[in-house]
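Q: Pasting in a structure now, in structure tokens, and then I'll have a few things to ask.
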Amino acid sequence: MAANPFKPTAGKMPPILIGRDGLIEDFAEALDNGAGAPGRIMLITGQRGFGKTVLLTEFRRIAAARHWETIAETASEGLVDRLIAALSPSDIHMDQASLNPSIGIPGVATASLGQAHFQSAVEPFTLRNALLKRLESRKIGKGRGIVITIDETQAASKADLVSIATAVQHVTASIDETDVSDADKKGVAIVFAGLPHMLNELVNNEVTTFLRRAMRRELENALIPDVKNAFLETVRDSGKTIGEDDAMTAARETNGYPYMVQLVGYYMWQSAQRRRSDVIGPEDVENGMRDAVLAFGDAVCAPALDGVDPSGRLFLSCMAQDGPSPSRTADIADRAGRSRSWVNKYRSILIGERMIRPAGRGLIEFTVPHFGDYLRSKGNAVDAQTDYVP
């Protein structure tokens, strides 16, 4: 039995990375162009379901193919400690860690600026030293190095980010001081990925100015014609077929949202499979879109709404009354029973958080497809008197 080629599981590699060719080329060229090349420090932002984790996986694949060592991490407590452990020789055992300044993690270590005491070493073994010692290894050839990817960067502590920034800066400076051609210098490439509004706070923090110098890329929706072509190609390669019109209908439903592309593809393919048909027809597309919307609401819309305060929810609920059409800010003020200044305030906040976007003079719309449908289906109206800000 043929396997469904679409992969809507979080972080699972899809058959086609739609619209990410330029970003992938930026990273590959950064590795190929030697020390100091732009793209060796990269900051990727995007909404949930935009394929950040998948992209990091592709970067590590590219690096491994070029014989670079790779380390994959997700930001959480103890991030720096885990990086040190990953970089350290296997015969060095971390009995305990003492890191300053620090925040204790009972029974294990501390979230830190990266200074840890190992059983086999008297002096502290820092992240900076761990990187330098690993680069000195004969296992890393000339012109190669270490690629570190950090997912969910918005969850990292400021202390850990300071540690990483300081270590990478010092290591880069040390490499620059060596009497070796740029093409032969070993190096470090690091890619951070996370949500837009939370990363904005990190980048604007005076302590983490290091991130401001990173090559910054914000993931965007894929173009609808590209999605249509991806559906045609992926379905064909799986042994089934889909007509041009049906592929375009499905593509429009995704709004170019990468996770929605995988969901619609998965469920319409599965619908045809249940009929034991090699042709994905209009009924399969309809079934696929219906099932995809339900799954998308639980996986993307619900988590996005969790981070919105009551006034923001009220604003969004008022927008949802317009269905798929853009909303007028004047109508939102009337429905919410709030002032224009209140509307302007939350309009700016929600645009900054990438929940909504301008759609013309006096108009706004949801950035996430089917978000209004989700709000209406869950009855997420908020009492008009909640958390009033004039």
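Listed here are the residues, each with its yes/no results for (1) over 28 Å from residue 242 (Cα atoms); (2) of a type outside the set (Asp, Glu); (3) within 27 Å of the chain's Cα centre (by Cα).
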site: 298; (1), (2), (3): no, no, yes
site: 302; (1), (2), (3): yes, yes, yes
site: 306; (1), (2), (3): yes, no, yes
site: 315; (1), (2), (3): yes, yes, yes
site: 350; (1), (2), (3): yes, yes, yes
site: 371; (1), (2), (3): no, yes, yes
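Q: Yes or no: region 238-255 includes at least one residue that is closer than 30 Å to residue 325 by Cβ and within 20 Å of the chain's Cα centre (by Cα).
A: Within region 238-255, one or more residues are closer than 30 Å to residue 325 by Cβ and within 20 Å of the chain's Cα centre (by Cα).
Q: Every residue in region 63-81 that is assigned to a helix (DSSP H, G or I) and buried (at least 16 other Cβ atoms within 10 Å of the Cβ), please.
A: 63, 79, 80, 81
Q: Please find, within region 333-358, the residue that is nearest to residue 305 (Cα to Cα) out of those that are open to solvent by less than 70 Å² (accessible area, probe 1.4 Å) and without any contact (Cβ under 8 Å) to a residue 24 or more places away in the chain.
A: 351
Q: For region 236-288, what are the residues that are open to solvent by less than 20 Å² (accessible area, probe 1.4 Å), part of a loop (DSSP other than H, G, I, E, B) and closer than 21 Å to residue 221 by Cβ?
A: Within region 236-288, 256, 257 meet the criteria.
Q: Also, I was wondering about something else. Looking at region 147-163, is at least one residue β-branched (Val, Ile, Thr), in contact (Cβ under 8 Å) with a residue 24 or more places away in the chain, in contact with a Lys or Arg (Cβ under 9 Å, 6 or more places away or on another chain) and under 13 Å from residue 73 (Cα atoms)? Give the steps one after another, and end with the answer.
A: Here is the first cut: in region 147-163, the residues β-branched (Val, Ile, Thr) are 147-150, 153, 162.
Among the residues that remain, those that are also in contact (Cβ under 8 Å) with a residue 24 or more places away in the chain are: 147-150, 153, 162.
Still in the list and also in contact with a Lys or Arg (Cβ under 9 Å, 6 or more places away or on another chain): 147, 149.
With the extra rule that they be under 13 Å from residue 73 (Cα atoms), the set shrinks to 147, 149.
For region 147-163, residues β-branched (Val, Ile, Thr), in contact (Cβ under 8 Å) with a residue 24 or more places away in the chain, in contact with a Lys or Arg (Cβ under 9 Å, 6 or more places away or on another chain) and under 13 Å from residue 73 (Cα atoms): present.
Q: Considering region 212-228 alone, what residues qualify as being of a type outside the set (Asp, Glu) and either outside any helix (DSSP H, G or I) or surrounded by fewer than 17 Cβ atoms within 10 Å (Cβ to Cβ) (or both)?
A: Across region 212-228, the qualifying residues are 212, 213, 214, 215, 216, 217, 219, 221, 222, 223, 224, 225.
Q: With the condition being open to solvent by less than 60 Å² (accessible area, probe 1.4 Å), in contact with a strand residue (DSSP E or B) (Cβ under 8 Å, 6 or more places away or on another chain) and at pLDDT below 50, I'd like the strands (runs of 3 or more DSSP E) fully within region 90-196 carrying at least 1 qualifying residues.
A: It comes to 102-105, 109-112.
Q: Restricting attention to region 322-332, which residues are surrounded by fewer than 15 Cβ atoms within 10 Å (Cβ to Cβ) and not in a helix (DSSP H, G or I)?
A: Within region 322-332, 323, 324, 325 meet the criteria.
Q: Where residues in region 289-320 are open to solvent by 40 Å² or more (accessible area, probe 1.4 Å) and not in a helix (DSSP H, G or I), which of them is modelled with the lowest pLDDT?
A: 307
Q: Still on this model: Would you pick out the residues in region 17-58 that are farther than 23 Å from residue 141 by Cα and either part of a loop (DSSP other than H, G, I, E, B) or in contact with a Pro (Cβ under 8 Å, 6 or more places away or on another chain) (or both)?
A: Scanning region 17-58 gives 17, 18, 19, 20, 45, 46, 47, 48, 49, 50, 51, 54.
Q: For a quick check of your reading of the model, give me the residue pairs whose first member lies in region 220-248 and is under 13 Å from residue 279 (Cβ atoms) and polar (S, T, N, Q), whose second is surrounded by fewer than 19 Cβ atoms within 10 Å (Cβ to Cβ) and modelled with pLDDT of 95 or more, with beta-carbon atoms closer than 6 Å and at least 6 apart or on different chains.
A: 241/279
The values are calculated or read from the model by the stated rules, or taken from the named source; none is laboratory data. Quick caveat, the model's predicted, so the values are computed rather than measured. Every residue, glycine among them, receives a Cβ derived from its backbone with ideal geometry; neighbour counts consider all protein chains shown. Accessible surface is based on the protein model in full, side chains and every heavy atom, while ligands, DNA and RNA are left aside. Shrake-Rupley method; radii C 1.70, N 1.55, O 1.52, S 1.80 Å.
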